[in-house]
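Asks: Provided herewith is a single structure, encoded as structure tokens, for subsequent inquiry.
The values are calculated or read from the model by the stated rules, or taken from the named source; none is laboratory data. Note that the structure is predicted; figures quoted are calculated from it, not measured. Quick reminder, even Gly has a Cβ in these numbers, built from the backbone with ideal geometry, and neighbours come from all protein chains shown.
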Amino acid sequence: MKKGFLLGLTTGIVLTGASLVMANSQIQAILNDQIKVTLDGKVQEFKDETTSEVQYPITYHDRTYLPLRTVANLVGVDVDYDAESNTAILTSKNQTGVGNTDEGMVALVLEQHYKSNYPDVVEEVNPVNIKVYTAEEIASNELLKDYELNEGDIVFEAEYELKIVDGYEDMMQFTAGTGEVDGQWIRHKHNVGIARSGAEGYTLDAFGTAF
């Protein structure tokens, strides 16, 4: 990421969701619908959560500004706003053992996989523990030694919980071999999984044993 873009984004964070603190400060910016934003190669479209209208980036002094909340949601960060102190509060969702970039990507891929493939069944995906394999661990793994991996693929082990929509708790494809954690929460695990890198971003390749 270019430094200028980062600085622009940082300033945009201050301005999004709050009125200008300096009442006399006015700027002239360009609503720039020519700028595209991609995440892992996939073009993203920003929409207002209330009106569903497309929110285009703005350009000001050769810097690009994006809506804070939509960007934060895209990268898996919770956003709140304290009106009393004029503070935008960002909270990482990766507080359950998901730390570095690769682990965060695995968590995002798992969430996208289950929510998109089972939208009426899986309500929430909560990573409990994610381990990303090193190159040495991949080379020495019996399951992977003859498996063709693409550049950018992330090999991992993962334990996570799936919150099942009320009424679907007994569905065999989720409960078989996993055991119920607490009410609607079902424990799930991949002994070996692959976050497959592609032109449209990452997808889950459920390689190896999942239970």
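Asks: Specify which of the listed residues (Tyr65, Tyr81) is modelled with pLDDT of 50 or more and under 30 Å from Glu124 (Cβ atoms). So that I can check it myself, show each step before the final result.
Replies: Details: Tyr65 fails: under 30 Å from Glu124 (Cβ atoms).
Within the list Tyr65, Tyr81, the selection yields Tyr81.
Asks: While we're looking at this one, here's another question. Report, by residue number, each residue of segment 32-75 that is of a type in the set (Gly, Ala, Ser) and either farther than 27 Å from Asp153 by Cα or in contact with a helix residue (DSSP H, G or I) (Cβ under 6 Å, 6 or more places away or on another chain) (or both).
Replies: Residues of segment 32-75 of a type in the set (Gly, Ala, Ser): 41, 52, 72.
Ser52 - this is the single residue of segment 32-75 that is of a type in the set (Gly, Ala, Ser) and either farther than 27 Å from Asp153 by Cα or in contact with a helix residue (DSSP H, G or I) (Cβ under 6 Å, 6 or more places away or on another chain) (or both).
Asks: Ok, one more. Taking Ile58 as meeting all but one of (1) farther than 20 Å from His188 by Cβ; (2) at pLDDT below 85, write down the number of the exception.
Replies: (2)
Asks: A follow-up question, please. Scan segment 72-86 for residues that are within 21 Å of Gly104 (Cα to Cα) and over 10 Å from the mean Cα position of the chain (by Cα) and report the count.
Replies: Final tally of qualifying residues: 3.
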